[in-house]
Each structure stands twice: as structure tokens, then as C-alpha cells.
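Structure first, commentary second.
The values are calculated or read from the model by the stated rules, or taken from the named source; none is laboratory data. Bear in mind that the values here come from a model prediction, so they are computed numbers and not experimental data. Positions of Cβ are backbone-derived with ideal geometry, glycine not excepted, and every protein chain shown enters the neighbour counts. Side chains included, ligands, DNA and RNA excluded: accessible areas come from the protein's heavy atoms. Shrake-Rupley method; radii C 1.70, N 1.55, O 1.52, S 1.80 Å.
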Amino acid sequence: MRIVVVSAGLSSPSSTRLLADRLAAATLEHVDAETEVVELRELATEIAQHFVTGFPPARLAAALDAVAAADGLIAVTPVFAGSYSGLFKSFFDLIDKDSLTAKPVLLGATGGTARHSLVTEHALRPLFTYLRALVLPTAVYAAAEDWGQEGLAQRIARAGAELARFTAPEAVPGRSAALDLDTAAAIAPRSPTGAITSVDPADGFVTVPFEQRLAALRVP
């Protein structure tokens with residue numbers, strides 16, 4: 001089993017790579033897998049050449065193949081102008097349109113302020129949903145002030161466990177080896193109508209008729 005980590009950090013060291021490494025470590029606490037890191041800053045020239053020539057240089061081709069063949073993907077970007085970086089987007093623009101279909105993807109982002117914390121939802125999640133990836137419920141954003149805080153560590157641990165559940169459900173006690181509805185429900189339970197809910201389906205659901213709900217709101 002192989003987990004591929006894509007980091008779009010531009011400096012060395014970078015907080016983006018640090019978050020990517022911690023997400024990978026959190027995943028490996030639950031599953032035995034090999035990891036491969038793709039540092040996009042080292043491929044920036046090759047990515048630009050591919051756009052111009054239509055052919056990927058060898059290192060870029062190897063990175064694209066690694067992402068396509070991965071059992072699970074961790075993708076982390078710094079925030080630029082309220083969204084993912086241009087380098088990050090350019091790399092995934094070159095991914096074959098079918099290579100991420102149903103592939104579990106854990107999203108992460110870093111920024112200087114908590115004001116960008118929803119970038120994972122308004123930018124990253126739609127991108128990977130368009131690519132038909134299986135985007136995990138928990139995405140992790142790390143602002144500058146988050147490092148060293150318990151809340152960030154908890155989000156990383158939860159996200160890593162989710163990726164492990166989808167890439168190797170047998171690593172989670174009580175789960176079958178197949179990626180099935182029971183596994184999905186354990187992470188994001190859904191009601192009979194399909195809506196995400198905090199109620200465990202195993203506990204059953206009580207459906208209250210709409211008319212009864214309206215009656216309860218009437219003023220005597």
C-alpha cells in the first residue's frame with residue numbers, strides 16, 4: 001500500500017511540508033504503508049514545460065504516475081490570495097482526468113491567518129470533487145498561530161485516521177477490508193435521506209412527520 005504526499009510549499013523548510021509530514025505520520029499510526037513525497041517546488045520548471053510542450057519531463061512524469069497509482073493521497077498547499085497556490089493548481093491541471101476517480105484524498109492548507117481557514121472548503125474540496133476523488137470529511141488548515149496548539153494536533157490525528165479507514169478499512173477494528181457503506185457511515189453518518197448527521201445509523205432513526213413538527217411550532 002502506498003500513500004503519496006503532494007506538498008506545494010515554496011520554501012525549505014516550509015510549514016506546508018511540515019503539515020504534510022504530520023498528516024502522513026498520523027495516517028501511518030493506523031495503517032502499514034509506504035509513503036512518497038512529491039515536492040512541487042522542485043518540479044516548477046518541468047510543470048511549466050509540460051504546459052508549453054505537451055510532454056512531461058521524466059521527473060514530472062514519475063510524479064504524475066505516482067499520484068495516479070497511489071492508494072491514498074495527501075495534498076497540501078499554502079494559501080495565496082485566498083485560494084490554493086498557482087503551482088498546486090498547475091500540477092493537478094496536468095493529472096489525467098480519470099486518475100483520481102474514487103481515490104481517497106486528505107486535504108490540507110497553511111496560511112498566515114485563521115481568516116483563510118475555509119479555503120479547504122471553498123477552493124480545495126470543489127477542485128478534487130470535480131476530479132471525482134473521494135475527498136475525506138476532515139480537512140486540516142493550519143494558521144501560523146495554530147502550531148503547537150492542541151486543536152491542530154487533534155485535527156491532524158482525526159484526519160489521518162480517516163485516510164487510514166478509507167485506504168485500509170481492515171486496519172480499523174470492526175471494519176471489513178472492503179470500502180463499503182459501513183466504513184463511510186463510521187466517518188460521516190447519514191440519515192435515511194442521505195443528509196450527514198451526528199447520529200450513528202446503528203442506533204436507528206426516528207422520523208417525525210412534518211405536520212407534527214409544524215404543529216409543535218404553533219402558538220396556542
Just wondering, is there one or more residues in the stretch 155-168 that are closer than 30 Å to residue 96 by Cβ, open to solvent by 10 Å² or more (accessible area, probe 1.4 Å), part of a helix (DSSP H, G or I) and out of contact with any strand residue (DSSP E or B) (no Cβ under 8 Å at 6 or more places or on another chain)?
yes
When the residues of the stretch 51-65 are filtered to those that are surrounded by 18 or more Cβ atoms within 10 Å (Cβ to Cβ) and modelled with pLDDT of 95 or more, which remaining residue is farthest from residue 131 (Cα to Cα)?
60
Please specify each residue of the stretch 80-92 satisfying the condition of being in a helix (DSSP H, G or I) and either touching a Gly at 6+ places or on another chain (Cβ under 6 Å) or open to solvent by less than 20 Å² (accessible area, probe 1.4 Å) (or both).
88, 91, 92
When the stretch 1-39 is checked residue by residue, the ones that are open to solvent by 50 Å² or more (accessible area, probe 1.4 Å) and assigned to a loop (DSSP other than H, G, I, E, B) are 1, 10, 11, 12, 13, 29, 30, 32
Matching entry among 66, 62 (being touching a residue at least 40 places away in the same chain (Cβ under 8 Å) and either within 19 Å of residue 142 (Cα to Cα) or of a type in the set (A, V, I, L, M, F, W, C) (or both)):
66
Which residue, of 42, 29, 36, is in contact (Cβ under 8 Å) with a residue 60 or more places away in the chain and acidic (Asp, Glu)?
29
Give me the residue from the stretch 93-119 that is in a loop (DSSP other than H, G, I, E, B) and β-branched (Val, Ile, Thr) and, out of that set, farthest from residue 43 (Cα to Cα).
113
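Scan the stretch 66-79 and tell me whether some residue there is surrounded by 14 or more Cβ atoms within 10 Å (Cβ to Cβ) and more than 18 Å from the chain's Cα centre (by Cα).
no
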What number of residues within the stretch 55-84 satisfy the criterion of being of a type in the set (Ser, Thr, Tyr) and farther than 30 Å from residue 31 by Cα?
1
Does the stretch 120-129 contain any residue that is outside any loop (DSSP other than H, G, I, E, B) and surrounded by 23 or more Cβ atoms within 10 Å (Cβ to Cβ)?
yes
Between 95, 47, which is over 23 Å from residue 155 (Cβ atoms), β-branched (Val, Ile, Thr) and either open to solvent by 50 Å² or more (accessible area, probe 1.4 Å) or under 19 Å from the mean Cα position of the chain (by Cα) (or both)?
95
